[in-house]
Amino acid sequence: MYPKEIFLGLDLYDILLVLGFFAALLIFRYWADARKLPAKLQNLCIGGALGALVGGYASAVLFQALYNFLDGEEFAITSSTGATFYGGLIGGVLVFLVIYFEGGYFLLGKGVAAKHFFTLTEIAAASITLAHGIGRIGCLFAGCCYGQVTTKWFGIYNAHLDAKTVPVQLLEAIFLFILFAWMTYRLHQNKRGNFGLYLILYGVWRFYIEFFRADDRGQTFISNLSPSQLMAIVLALVGIGFWILDYALNSRAARKEADSDAS
């Protein structure tokens, strides 16, 4: 179930991560063209995505090392440290934002990147969701992020534990693919708020699915609450704030347009 080095030294986990990244780029390019984003801005975003991939992976490993340290282990970054999605998301987003706004200022001039920012986040929600779903299938093949040991019919054999476990990776992948389909539908309908909804819905899902996870993710200052659950709460709250901000700005823009047409 966990083949090693099946192509150019890569295993299925690596291949699916790369596949997810390029799938996200294709989705981004399609919708960026549909929304008529400037070509220079699109190229900047692709460069930002590559930077976010590198920075996000480094952040994911750093967060995992921190989780290990909080769980009483030595703080160390090695080839076996592992990585966590939340760390990758936070680090990747920060790197992308720096490249997007700083690069946008020098390449496109003042205000251009900011003007298209919320349109970009609408597309990013669908792109990230698809990439994340494909990546979770990679986790299933790698045997990481596994669920509780079970004897139920839906259990999937985990070679690391030599036992069947709840396939939380597969369940999360299915959830993310459904979410991606909904985000795509909303893009077709020109509806706003995708990114905020993504953060809210994924935060709620992740909080719930953590109860079925069995891999040790450390502890927090709140009893019986894993670091991933704490981050899920933060993610949902950020999503609510982002959705409110997006809605308020969109409503204000609509009022200005209506007033301009009336005059």
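The values are calculated or read from the model by the stated rules, or taken from the named source; none is laboratory data. None of these values were measured; they are calculated from a predicted model. As a convention, Cβ positions derive from the backbone with ideal geometry for all residues, glycine included, and neighbour counts pool all protein chains shown. To get the accessible areas, we keep the full protein, side chains included, count just its heavy atoms, and leave off ligands, DNA and RNA. Shrake-Rupley method; radii C 1.70, N 1.55, O 1.52, S 1.80 Å.
Only a single criterion out of (1) modelled with pLDDT of 90 or more; (2) among the aromatic types (Phe, Trp, Tyr); (3) open to solvent by 40 Å² or more (accessible area, probe 1.4 Å) is not satisfied by Tyr13, namely (1).
Checked against (1) under 22 Å from Lys115 (Cα atoms); (2) part of a helix (DSSP H, G or I); (3) over 19 Å from the mean Cα position of the chain (by Cα); (4) not aliphatic (A, V, I, L, M), Lys36 passes all but a single condition, namely (2).
Any chance you could count how many residues in the range 152-166 are in a loop (DSSP other than H, G, I, E, B) and surrounded by fewer than 17 Cβ atoms within 10 Å (Cβ to Cβ)?
From the range 152-166, those in a loop (DSSP other than H, G, I, E, B) are 152-155, 159-162, 166; that's our starting set.
Narrowing the set further to residues that are surrounded by fewer than 17 Cβ atoms within 10 Å (Cβ to Cβ) leaves 152-155, 159-162.
Number satisfying all stated conditions: 8.
May I ask you to verify whether Tyr198 is among the hydroxyl-bearing types (Ser, Thr, Tyr) and part of a helix (DSSP H, G or I)? When the stated conditions are applied, Tyr198 passes them.
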